[in-house]
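These notes concern the structure reproduced below.
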Amino acid sequence: MSFVKVLSLAELPPGSTAEVSVGENAYALCNANGTVHALWGSCPCAGGPLGHGTLVDNLLVCPWHGRRYDICTGRHHFDPNIVVPTYPVKIEDGNIFIDVPQNAVPQNAVTPTDVPQ
Ligand code: FES
């Protein structure tokens, strides 16, 4: 793994979220009070785009059915057995870098191609 630049910090103001891609995978970025977090971009429920979700305190709310995930741990708000992978983030020269496996899909991750049409 290595850090990859994904966005400028100016593009992710506090309280916002964004979807970014590294290789073929999407990731969700969240800026919670100036601290940036990175999570796997697909919701375990049905592959909802977490990068299009909203932040409520330290929870990322999926835009499709409202599941909530802790942005620090990736754990579902009520069921600790449901976890969205999280990734290291660093900020350098006003840019956001995330450390993700290149084109690797986390074990048990739901991707949009898994979702029935
Ligand atoms: S796809 Fe995220 S809550 Fe259902």
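The values are calculated or read from the model by the stated rules, or taken from the named source; none is laboratory data. Fair warning: this is a prediction, and the values are worked out from it, not measured in the lab. Neighbour counts run over all protein chains shown; Cβ positions are idealised from the backbone, glycine included.
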Of the numbered conditions (1) loosely packed, with under 14 Cβ neighbours inside 10 Å; (2) at pLDDT below 95; (3) of a type outside the set (S, T, N, Q), GLY94 satisfies every one except a single condition; which is it? (2)
Of all residues making up segment 56-84, the number that are touching a Gly at 6+ places or on another chain (Cβ under 6 Å) and more than 9 Å from the ligand (Cβ to nearest atom): 3
Can you list residue pairs whose Cβ atoms sit under 9 Å apart, with the first residue in segment 9-29 being under 15 Å from ILE91 (Cα atoms) and the second being outside any strand (DSSP E or B)? Count only pairs 6 or more apart in sequence or on different chains. LEU9/GLY94; ALA10/GLY94; PRO14/ASN33; PRO14/GLY34; LEU29/LEU12; LEU29/SER16; LEU29/GLY51
Does segment 52-69 contain any residue that is part of a strand (DSSP E or B) and among the acidic types (Asp, Glu)? no
